[in-house]
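This report concerns only the one structure given below.
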Amino acid sequence: MSILAEIQKAVFDGDESKTIDLVNKALAEGIAAQEIVDNGLVKGLHDCGAGYEAGQKFIPEMLMAAEAMKSSMKILKPHLSAGSEGGNLGKVVLATVEGDVHDIGLELVATMLGSAGFDVVFMGPDVPTEKIIATVKEEKPKLLGLSALLTNTMDVMPFILKKLEKEGLRNSLKVIIGGAPVSQDFADRIGAEGYAYDAAAAVPVSKKLVSQLA
Ligand code: B12
């Protein structure tokens, strides 16, 4: 079994210490951090999600897999780079919408945007809409990134956009959305300027959006 397949299995099994050991070993062998994320950790989490859907895995096991991923991300974070030019591309506020506790994907987006030169304000998961509006008022970001992993929380996104408009905040910033149930089509329908399938794709889309603000 390749080391990436071993990492995938260790995450699937929710074995945090084994995952960490393997991630350190993979780094020492010269495997790129992004490769470890994409072809080891994320695959293990997806397998776990599929197991949950099939009734073979349960919430505590999903949580253990998530913890194994999160601890590994702490090790990998300094090694992940989106090719920063070192410049300040402006402020981005990132939040997972209210009612949704998933934040692993958003953390990856934060890491990538941060290393690309954005000043990231990370609000974390399950953020009440009012708190997002208040933070936009206070931080005056160029970009707001919203995440949703549940089909029933993605509908909070258009609500947030309407609130921003009502408060007169909509013209001063661009909005990018993401998360497994979200799509370019959904972004177009709700009037979000940007969508990205994953954290790597979020970088060029975000750069393009902020350049349109100047
Ligand atoms: C780990 C996990 C959990 C953990 C979350 C821990 C945490 N701190 O995040 C726990 C155990 C807490 C959990 C709980 C639940 N979960 Co859950 N979970 C998952 C799982 C296995 C992995 C998610 C993940 O982290 N993926 C890895 C990351 C890297 O990928 P990602 O999140 O998609 O993010 C990438 C892109 O989407 C994108 N992206 C994400 N956000 C953003 C934002 C922006 C701005 C941009 C540009 C891009 C972007 O970039 C990211 C990086 O590349 C998924 C299964 C799956 N296949 O996704 C189910 C899944 C999302 N969960 C599911 C469910 C049902 C639940 C629960 C409702 C279960 C329950 N009955 O209680 C609860 C929800 C509680 C709540 N109120 O939110 C379902 C959702 C079904 C649906 N369509 O609605 C899934 C799909 C499992 C399944 N197959 O049924 N879960």
Output the number of the condition that residue 31 fails; it satisfies all remaining conditions of (1) within 12 Å of the ligand (Cβ to nearest atom); (2) β-branched (Val, Ile, Thr); (3) outside the structural domain of residue 152 (by TED's automatic domain parsing).
-> (1)
Quick one: which residue in 205, 127 is outside the structural domain of residue 74 (by TED's automatic domain parsing), under 23 Å from residue 70 (Cα atoms) and either without any contact (Cβ under 8 Å) to a residue 40 or more places away in the chain or within 11 Å of the ligand (Cβ to nearest atom) (or both)?
-> 127
Conditions (1) free of Cβ contacts under 8 Å to residues at least 40 places away in the same chain; (2) part of a loop (DSSP other than H, G, I, E, B) -> residue 213 fails only (1)
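Regarding the range 10-31, can at least one residue be identified that is more than 18 Å from residue 110 (Cα to Cα), at pLDDT below 95 and out of contact with any Phe, Trp or Tyr (no Cβ under 9 Å at 6 or more places or on another chain)? Can you show your working first?
Going residue by residue through the range 10-31, those that are more than 18 Å from residue 110 (Cα to Cα) are 10-31.
Still in the list and also at pLDDT below 95: none.
Within the range 10-31, none of the residues are more than 18 Å from residue 110 (Cα to Cα), at pLDDT below 95 and out of contact with any Phe, Trp or Tyr (no Cβ under 9 Å at 6 or more places or on another chain).
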What's the number of the condition residue 40 fails, among (1) free of Cβ contacts under 8 Å to residues at least 24 places away in the same chain; (2) surrounded by 11 or more Cβ atoms within 10 Å (Cβ to Cβ)?
-> (1)
Residue that is surrounded by the most Cβ atoms within 10 Å (Cβ to Cβ), among those in the range 182-199 that are within 7 Å of the ligand (Cβ to nearest atom) and either farther than 23 Å from residue 34 by Cβ or aliphatic (A, V, I, L, M) (or both) = 199
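The values are calculated or read from the model by the stated rules, or taken from the named source; none is laboratory data. What you see is a predicted model, and the numbers here were worked out from it, not measured in a lab. So basically every Cβ, Gly included, is an ideal-geometry build from the backbone, and we count neighbours across all protein chains shown.
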